[in-house]
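Heads up, the thing below is written out as structure tokens.
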2 protein chains.
Amino acid sequence: MAPGRGRGHASGRARATFSPTTPVVKGIGDDCAVLRIAPRPGRAADTLVTTDFTLEGIHFRRDWHSAESVGHRCLARGLSDIAAMGGEPVAAFLSLALPRDLTQSWVGRFARSLIGLAEKYGVTLAGGDTAESPGGILADIIVVGSVPRGKAVLRSGARPGDRIYVSGELGGSAAAVAQMRARPRRKLKPGEYARHFFPEPRVELGRILREKGLASAMIDTSDGLSTDLAHICEESGVGAEVSAELVPRACVGKPAREVELELALHGGEDYELLFTAPRGKRISPRIAGVPITMIGHITRHRKIFLMNRNGVGDELEARGWEHFRR
Amino acid sequence: MAPGRGRGHASGRARATFSPTTPVVKGIGDDCAVLRIAPRPGRAADTLVTTDFTLEGIHFRRDWHSAESVGHRCLARGLSDIAAMGGEPVAAFLSLALPRDLTQSWVGRFARSLIGLAEKYGVTLAGGDTAESPGGILADIIVVGSVPRGKAVLRSGARPGDRIYVSGELGGSAAAVAQMRARPRRKLKPGEYARHFFPEPRVELGRILREKGLASAMIDTSDGLSTDLAHICEESGVGAEVSAELVPRACVGKPAREVELELALHGGEDYELLFTAPRGKRISPRIAGVPITMIGHITRHRKIFLMNRNGVGDELEARGWEHFRR
């Protein structure tokens, strides 16, 4: 169902070549939303769909995360998945179950933050579902996007010899989690750990990499570099070598300090883009304002090695992201 | 994210004129699913999206509903929304959060039932999300469908003079709930209350009504006749008169008995189709094997009246559907 009234109006869309026109024919207020995913005449589109839970106690804690942060991260997760395909987000759907005792203020701040991020990316909140929660705040975000037909950048396109790149810096989100775990009562300043509390999805970067045909495979770093690179390698049937000293480590806190390598390798929820590009492609060190770092290359054998500065490697184990469950 | 592996294979699709071809380009195993919602060349499509929660303690109870029933009802809710637009379901996405102590057997039976229903309607399970639940089984089903461009049957198309029709029978699902509430320890036989435990979504009926241009407005009876008719009237800016004696009441239990009028008027989750059609349109008493009953007509004034056999009416209050919350 797509109940209720009101609607997140899209604005501020600053797009180049592939802007779908009036994509939401019917938003909230009917059994389904009706989307018209149609680029300019003569160009066919594929539709992208992603869904992501945001569950209290698993993905966030109300004592650690503000309502604004929860709303922002909820939608950012979905937008980041669209970015990782090189797509353009079109519409979002929010299924939201709330406990009876939750304040209206919390819900309002959550919704304003989520809708603010949606507007920034020209995404219409076009429906969803609401329910009473049997316990805790439960959200499921669905983002629908579009990409020119056959042009989605998959995880499966990496080939031996391709270079491996990552946007931004890694480990910043996990560093915030480590801090909060170590000192549960101290409130972190969101500005000092922005990549955790208000991650900016790399939509523009993903679109440019797809448009220019630069990326052979792509994923977002939601589970952590080691795990997400393993996904690319598995889907592509290849291996990889990553140089430890090349991995860009986040600077967090005040005074700002570089995070440990372990956090940059295994920490999740940075929502950067991890992609591969054929050796011959020139990748600019900054695209859409985001630094791009070459961290290694794809190999034929199916294992992933972390190389030290002497060129000696240890196998890099995929260590999945831990959630907030106590 | 669209994690994991495996995929619900579509089969048994018995379609007439608007079959999208190979709609799921990329299913589970990438950041997003990639759908190609394209009918035959020369025909443009709109995309339909619906999301529905199925939460333990709110939408079902584990002591009252089998895993098979929960899986079936979870997807049926979404398919019914697609049916209510006259659309064809293409792909489903399941976000599923499970408590640690849930048995593998429960999950297997839930999934097999859901996938079985998906296959029956030619729908591919193309992704979703999985998480640990902080409490209870939490599912969110997303169904994506398609409809020829501009042809979705909305709630807003009812006009004064239109006849009001409903498919099947009403109140059967609410009768099961009433029985379970009255005698919580007695297990109901699903076969005697099929509309509650294994509702068949009216996809074929909805498609035919749309193809033949018969329905001016349509909704599924998920909240109950009084509430769902109010939705149509509100969106269309009209009112209605319903004849109490014409409302088709479900027969449930053994020996089968007709439910009370109250249940047929206000009981939810029957997932029948409630639609309006211009007076001049001939509506067959049975379409796609489902009985169709004329129950009243649309009026200019904005209220809804329930008329007795003497033609005297009382205002029909919209009494929403109660969930299982104790």
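The values are calculated or read from the model by the stated rules, or taken from the named source; none is laboratory data. A quick note: this is a predicted structure, and the numbers were derived from the prediction, not measured. When we count neighbours, we look across all protein chains shown, and the Cβ atoms used for this are built from the backbone with ideal geometry, even at glycine. The accessibility values were calculated without ligands, DNA or RNA, using every heavy atom of the protein model including side chains. Shrake-Rupley method; radii C 1.70, N 1.55, O 1.52, S 1.80 Å.
One table, with the values for the structure above:
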read-out	value
Point-charge dipole on Cβ atoms (K/R +1, D/E -1) for the protein assembly as shown, about Cα centre, debye to 20	1000 debye
Within a Gaussian network of chain B (alpha carbon springs, distance under 10 Å), most fluctuating of B:GLU88, B:GLU241, B:GLU132	B:GLU132
Protein accessible surface hidden between B and A, which excludes ligands and nucleic acids, total in Å², probe 1.4 Å	4900 Å²
Label point at B:GLU245 placed 7 Å out along Cα→Cβ; residues across the stretch B:135-164 whose backbone nitrogen lies under 19 Å	B:164
Label geometry 7 Å along the beta-carbon vector: A:ARG43 inter-copy distances in nm	2.6
For chain A: accessible area per residue (Å², 1.4 Å)	39 Å²
Among B:ILE287, B:ILE298, B:ILE37: highest mean-square fluctuation, GNM of chain B, C-alpha pairs under 10 Å	B:ILE287
Rounded to 5, percent antiparallel among DSSP beta bridges of chain B	75 percent
Shielding of A:52-65 by partner chains, average beta-carbon count, 10 Å	3
At 7 Å out from Cα toward Cβ: B:ALA288 inter-copy label distances (nm, ascending)	4.0
Relative contact order (percent, whole number), chain A, Cα cutoff 8 Å, 6+ residue spacing	22 percent
Within the accessible area of the stretch B:142-245 (1.4 Å probe), percent carbon and sulfur	46 percent
Of B:ALA194, B:ALA182, B:ALA83, the one that fluctuates the most in a GNM where chain B has Cα springs shorter than 10 Å	B:ALA182
Residue-averaged beta-carbon neighbours from other chains (10 angstrom radius) around B:231-239	1
Buried on assembly, the stretch A:115-161 (at least 20 Å² less accessible surface than by itself, 1.4 Å probe)	A:ASP129, A:ALA131, A:GLU132, A:PRO134, A:LEU138, A:ASP140, A:ILE142, A:ARG149, A:LEU154, A:ARG155
For the stretch B:278-291, Karplus couplings with θ = phi - 60° (6.51, -1.76, 1.60), whole Hz, Gly/Pro x	x, 3, x, 6, 8, 10, 5, x, 8, 10, 6, x, 10, x
Test item: Cα-centred dipole of the stretch B:213-317, Lys/Arg +1 and Asp/Glu -1 on Cβ, debye	660 debye
Cα pair distances in the protein assembly as shown, grouped into 10 Å bins until the bin that holds the longest one, percent each	3, 16, 25, 25, 16, 8, 4, 1, 0, 0
List of the stretch B:24-38 residues, accessible area with partners at least 10 Å² below that of the chain alone (1.4 Å probe)	B:LYS26, B:GLY29, B:ASP30, B:ASP31, B:CYS32, B:ALA33, B:VAL34, B:LEU35, B:ARG36, B:ILE37, B:ALA38
Evaluated at q = 0.12, 0.18, 0.21, 0.23 Å⁻¹: base-10 log I(q)/I(0), Debye formula over Cα of the stretch B:69-182	-0.58, -1.05, -1.20, -1.28
Rounded if a/c under 1.5, otherwise prolate or oblate - chain B, Cα gyration tensor axes	oblate
Antiparallel bridge percentage (DSSP; both residues within the protein assembly as shown; nearest 5)	80 percent
Helix-only CD estimate at 222 nm, as mean residue ellipticity for chain A, using -39500 (n - 2.57) per DSSP H run (n ≥ 4)	-7000 deg cm²/dmol
Lys pairs under 26 Å by Cα in chain A, provided they are eight or more residues apart or on distinct chains	10
In Hz, Karplus ³J(HN,Hα) per residue of the stretch B:246-262 (6.51, -1.76, 1.60; θ = phi - 60°; x = Gly, Pro)	8, 5, x, 9, 5, 10, 9, x, 8, x, 5, 10, 6, 6, 4, 4, 4
Shielding by partners, peptide B:214-221 (average Cβ within 10 angstrom, other chains)	1
Across the identical copies, how the B:GLU132 labels are spaced - nm, sorted shortest first, 7 Å along Cα→Cβ	2.8
Calculated from backbone phi, Karplus (6.51, -1.76, 1.60) coupling profile of the stretch B:145-153 in Hz, x at Gly/Pro	x, 9, 8, x, 3, x, 9, 4, 8
